[in-house]
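J.: Please see the structure below; I have some questions.
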Amino acid sequence: MANLLAIDTSTDACSVALLHQGEISECHEIIPRQHSQRLFGMLAELLPSGRLREQGIDAICYGEGPGSFTGLRVCASAVQGLCFANRLPAVPVSTLEAQAHAALREGLVSSGDTILSTLDAQIGELYWCRFRVDGAELVALDVAAVCKPGAMAAAGQGAMVAVGSGLNHLAALPSELRSRLSHCYADLLPRARDQFPVALAKLARGQVQSAEAVCPVYVRDEISWKKLSEQGKPA
Amino acid sequence: MLILGLETSCDETGVALYHTGRGLLAHALFSQVDIHVEYGGVVPELASRDHIRKALPLIEQVMAEANCTAGDINAVAYTAGPGLVGALMVGATLARALAWGWGVPSLGVHHMEGHLLAPMLEEDRPDFPFVALLVSGGHTQLVRVDAIGEYRLLGESLDDAAGEAFDKAAKMLGLPYPGGPHIARLAEQGDPSRFDFPRPMVNRPGLDFSFSGLKTYTLNTVNDCRAAGELTEQDKCDIARAFEEAVVGTLVIKCRRALKQEGLKTLVMAGGVSANRNLRASLEMALKKDRARVFYPAPEFCTDNGAMIAYAGAQRLAAGQRDEGGTAVRPRWPMAELPPITQVAG
């Protein structure tokens, strides 16, 4: 099995994990807005130095998004630097998928279930994506999306297990959708260790990135800033 | 000692390699002006999003140009502040990760110290002590410099920075961002006798600046022209001329006053506005009369760049300073808090 380092700083959690010779060690702290101050200290708790190749690390996986924009960039910048310095490939993993794997690892779902993985996108919106549990694997049923809770339209009729901080908006979801949620686990978070199942599969398929290609997937691509033409001023 | 320098404090991604024995080996810059121009100013989120795409390719570019490998790099310096927090965070985290991955030290550098030391990249460089005028879109400061890290703030803008005033005046005239070069271009065609704008705070003692009154005066003049018919191209040129002369005149008066107050004969000017040709010519002429000299960086190192960060970082790293603990960026960071160093390294 490959040896992997995983990083996720997409939420209030700063999460790093090491998969080494099949054993997982991790460092996971809830530290809002302090990720950059703690990240390298946490990495140093798992690894004696940043010379990862010498320690047998094969790739670095990271939470590509969606999530806090600044948090995603802290993660991606760190992964860029570590991959470039060590000439290692990177493996991007969706934060929503890692969070769904957390639900699977914690036994909150079983094969055949559908998981609605959500994250609070702030400004009254949420990120979401559904996954079907297929044994120990997850199959994405959507492309990750962002929307206002009242506008959320998850296809299908069946029951879903909802996870993640997007459930802060539970009361504002359409009643039809709410009635399909068999269980809600709002406290679940994307955790670095839960990237490993996805990353190992991607690595086996050769789905890796070079350091330069490492970049957050924001999902929300439009920004609230107005262009001069929209401000009624000449460009 | 070979230092990789990384600058991402605002809307330019700058990277450079500086060697304490051989000087500047390579530098590269990507300006985001085209991204921000349609917004009329820097959009912080867009700036951060672009830095993360550009920084690493630029690092590869300078390493290739300098014909160096990762093993040749002895330390990584990056801008830790002041600046836009999200933009700073990208450069700082990348720099820390590279340094940790390579097993070399890193150091967060003060952006304005980088500007202040940029003239040291030239062959004809100033000797300490000197007075520095730091004049950019974010800062207008007069600083007494006795050595690297021995800074005493003599005066600063109480409101807008000079570069910011240029940007705002440009906006009033319907000119694109950043405004400085556009104002300067129009000013060349302007009639200097048509308008006489006030020189803010020159009649008051002290070395502080204020540009908000000048901004209002400019707006009123623009409105007067509009009320009299339309704002013609010649009106714009004449207003640009009067505005530029008022800013330049103020800066010159304060610089001379600062040199006289401190009993010094050397002025260093740095920051984006120091590229203004009228300002350079006026200062040179004025200081000649006082038997003083002005030094400034090459035009490409007046605006934000990686070379100045690599140089400033090299000085402090050579003196044994390095990052300890977590990556802390400082969007606001008074330069007087910097520790001094005594020895200049190359």
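The values are calculated or read from the model by the stated rules, or taken from the named source; none is laboratory data. On a predicted model such as this, the values are computed, not experimentally measured, just so you know. Neighbour counts run over all protein chains shown; Cβ positions are idealised from the backbone, glycine included. For accessibility, only protein heavy atoms count, side chains too; no ligands or nucleic acids. Shrake-Rupley method; radii C 1.70, N 1.55, O 1.52, S 1.80 Å.
J.: If only one of B:Pro297, B:Pro340 is open to solvent by 60 Å² or more (accessible area, probe 1.4 Å), more than 14 Å from chain A (Cβ to nearest Cβ) and either in a loop (DSSP other than H, G, I, E, B) or within 25 Å of B:Ala26 (Cβ to Cβ) (or both), which one is it?
T.: Result: B:Pro340 is the single residue among B:Pro297, B:Pro340 that is open to solvent by 60 Å² or more (accessible area, probe 1.4 Å), more than 14 Å from chain A (Cβ to nearest Cβ) and either in a loop (DSSP other than H, G, I, E, B) or within 25 Å of B:Ala26 (Cβ to Cβ) (or both).
J.: Same structure again: If you take the residues in the range A:201-226 that are more than 14 Å from every other protein chain (Cβ to nearest Cβ) and not in a loop (DSSP other than H, G, I, E, B), which one is most open to solvent (accessible area, probe 1.4 Å)?
T.: Taking the candidates together, the pick is A:Ala204.
J.: Oh, and also: Collect the residues in the range B:168-178 that are away from chain A (no Cβ under 13 Å) and either part of a helix (DSSP H, G or I) or at pLDDT 95 or above (or both), keeping them in residue-number order.
T.: Scanning the range B:168-178 gives a single hit, B:Ala169.
J.: From B:Glu150, B:Glu113, which residue is of a type in the set (Asp, Glu), more than 14 Å from chain A (Cβ to nearest Cβ), surrounded by 24 or more Cβ atoms within 10 Å (Cβ to Cβ) and closer than 17 Å to B:Pro339 by Cβ?
T.: Step by step, each of B:Glu150, B:Glu113 is checked, and only B:Glu113 is of a type in the set (Asp, Glu), more than 14 Å from chain A (Cβ to nearest Cβ), surrounded by 24 or more Cβ atoms within 10 Å (Cβ to Cβ) and closer than 17 Å to B:Pro339 by Cβ.
J.: Only one of these conditions is not met by B:Val329: (1) open to solvent by less than 40 Å² (accessible area, probe 1.4 Å); (2) more than 30 Å from A:Arg33 (Cα to Cα). Which number is it?
T.: (2)
J.: Do we find that A:Leu72 is within 29 Å of A:Ala186 (Cβ to Cβ) and not assigned by TED's automatic domain parsing to the domain that holds A:Ser117 in this structure?
T.: Spelling it out, A:Leu72 is indeed within 29 Å of A:Ala186 (Cβ to Cβ) and not assigned by TED's automatic domain parsing to the domain that holds A:Ser117.
J.: What are the pairs with Cβ atoms under 6 angstrom where one residue, in the range B:208-221, is in a helix (DSSP H, G or I) and the other, located anywhere, is small (Gly, Ala, Ser)? Sequence gap at least six, or different chains.
T.: Qualifying pairs under 6 Å: B:Leu214/B:Ala246; B:Lys215/B:Ala165; B:Thr218/B:Ala169.
J.: Which residues, taken from the range B:137-158, are more than 20 Å from B:Lys260 (Cα to Cα) and either among the β-branched types (Val, Ile, Thr) or in the same structural domain as B:Glu12 (by the TED database) (or both)?
T.: Filtering the range B:137-158 down to residues more than 20 Å from B:Lys260 (Cα to Cα) leaves B:137-139, B:148-149, B:158.
Result: B:Ile148, single match.
For every residue, the table says whether it meets (1) farther than 27 Å from A:Asp221 by Cα; (2) open to solvent by less than 10 Å² (accessible area, probe 1.4 Å); (3) in contact with a Ser or Thr (Cβ under 7 Å, 6 or more places away or on another chain); (4) not acidic (Asp, Glu).
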site: A:Asn3; (1), (2), (3), (4): yes, no, no, yes
site: A:Ser25; (1), (2), (3), (4): yes, no, no, yes
site: A:Ile60; (1), (2), (3), (4): no, yes, no, yes
site: A:Pro66; (1), (2), (3), (4): no, yes, yes, yes
site: A:Thr70; (1), (2), (3), (4): no, no, no, yes
site: A:Ala85; (1), (2), (3), (4): yes, no, no, yes
site: A:Leu88; (1), (2), (3), (4): yes, no, no, yes
site: A:Thr95; (1), (2), (3), (4): no, yes, yes, yes
site: A:Gln99; (1), (2), (3), (4): no, yes, yes, yes
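J.: For the range B:87-105, how many residues meet the condition of being open to solvent by 10 Å² or more (accessible area, probe 1.4 Å) and either at the interface with another protein chain (Cβ under 8 Å from one of its Cβ atoms) or of a type outside the set (A, V, I, L, M) (or both)?
T.: The first filter runs over the range B:87-105 and keeps only residues open to solvent by 10 Å² or more (accessible area, probe 1.4 Å), leaving B:89, B:96, B:100, B:102-105.
Now narrow it down to the ones that are either at the interface with another protein chain (Cβ under 8 Å from one of its Cβ atoms) or of a type outside the set (A, V, I, L, M) (or both): B:89, B:96, B:100, B:102-103, B:105.
Count: 6.
J.: OK, next. With the checklist (1) more than 19 Å from the chain's Cα centre (by Cα); (2) under 30 Å from B:Ala314 (Cα atoms); (3) open to solvent by less than 10 Å² (accessible area, probe 1.4 Å) in hand, flag the one item B:Ala187 doesn't pass.
T.: (2)
J.: Which of the residues belonging to the range B:242-276 are touching a Lys or Arg at 6+ places or on another chain (Cβ under 8 Å) and within 15 Å of B:Met172 (Cα to Cα)?
T.: B:Ala242
J.: Still on this structure, I have one more. Among the residues of the range A:147-168, write down those that are open to solvent by less than 40 Å² (accessible area, probe 1.4 Å) and at pLDDT 95 or above.
T.: Once the filter is applied, which keeps residues that are open to solvent by less than 40 Å² (accessible area, probe 1.4 Å) and at pLDDT 95 or above, the range A:147-168 yields A:Cys147, A:Pro149, A:Met160, A:Val161, A:Ala162, A:Val163, A:Gly164, A:Ser165, A:Gly166, A:Leu167.
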